[in-house]
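Q: Quick one: the structure is below, and I'll ask about it shortly.
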Amino acid sequence: MYVVVHHQIKDREAFVRGQKLINGEGAPTVTRALQFYPSSDGSTVTCLWEANSVAAVQQYVDETLGRTSQNICYEVDAGQAARA
């Protein structure tokens, strides 16, 4: 399944910790980041993941970033997703 994560950055330290997400350090099995889309002002980041569950991504992201960001995760409805 595909999972989108929307990060609302509260602390710039999140960017340093975010490198662990990009590298997949400590990620659950069969969980990997596919794409990262940071805002130009550094206040938000949206990511696309491939994983077995939303819960696994949510836990991994929350544990890695701690209180440096608020993270909202949801499963992509592949039947409704549009490709350009």
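Q: How would ARG17, ARG12 line up by accessible area, probe 1.4 Å, largest first? Before the final figure, lay out each step's value.
A: Numbers: ARG17 75, ARG12 150 Å².
Ranked from most to least accessible, the order is ARG12, ARG17.
Q: Here is a further query. Determine the order of THR46, THR29 by accessible area, beginning with the largest, at a probe radius of 1.4 Å.
A: On the way: THR46 45, THR29 120 Å².
If we order THR46, THR29 from most to least accessible, we get THR29, THR46.
Q: Then there is this: Work from the charge dipole of the chain (Cβ charges, +1 for Lys and Arg, -1 for Asp and Glu, about the Cα centre) and give the residue of TRP49, ALA81, GLN19 farthest towards its positive end.
A: GLN19
Q: Quick check for you: which residues of the range 45-62 have the amide N under 15 Å from the point 7 Å beyond the Cα of ILE22 toward its beta carbon?
A: 45-48, by backbone N distance to the label point.
Q: Continuing with this model, one more query. Could you compute the FRET efficiency for ASP11 and GLN80, with r as their C-beta to C-beta distance and R0 at 25 Å, rounded to 0.05?
A: Working: r = 34 Å, r/R0 = 1.36.
Using R0 = 25 Å, I get an efficiency of 0.15.
Q: In addition: If you wrap a convex hull around the alpha carbons of the chain, what volume per residue comes out, as a whole number of Å³? Please list the in-between numbers first.
A: Numbers: hull volume 7.6 nm³, N = 84.
Residue-normalised Cα hull volume stands at 91 Å³.
Q: Give the relative contact order (percent, whole number) for the chain; include only Cα pairs under 8 Å separated by 6+ residues.
A: Numbers: 143 pairs, mean separation 38.2, N = 84.
Here the relative contact order equals 45 percent.
Q: For the Cα atoms of the chain, what angle does the longest principal axis make with the long axis of helix 54-65, in degrees from 0 to 90, nearest 10?
A: The angle comes out at about 10 degrees.
Q: For ILE72, ILE9, give me the order by solvent-accessible area with a 1.4 Å probe, most accessible first, ignoring ligands, DNA and RNA. Mind showing how you got there, number by number?
A: Values: ILE72 85, ILE9 30 Å².
Of ILE72, ILE9, the descending order of accessible area is ILE72, ILE9.
Q: Could you give the angle, 0 to 90 degrees to the nearest 10, between helix 13-23's Cα long axis and the longest principal axis of the Cα atoms of the chain?
A: 40 degrees
Q: Roughly how many Å² is the accessible area per residue of the chain, as a whole number, for a 1.4 Å probe?
A: On a per-residue basis, 64 Å².
The values are calculated or read from the model by the stated rules, or taken from the named source; none is laboratory data. Predicted, not measured: the structure shown is a model, and the values here were computed from it. Neighbour counts are summed over all protein chains in view; Cβ atoms, including those assigned to glycine, are modelled from backbone coordinates with ideal geometry. With ligands, DNA and RNA removed, areas are computed over all heavy atoms of the protein, side chains included. Shrake-Rupley method; radii C 1.70, N 1.55, O 1.52, S 1.80 Å.
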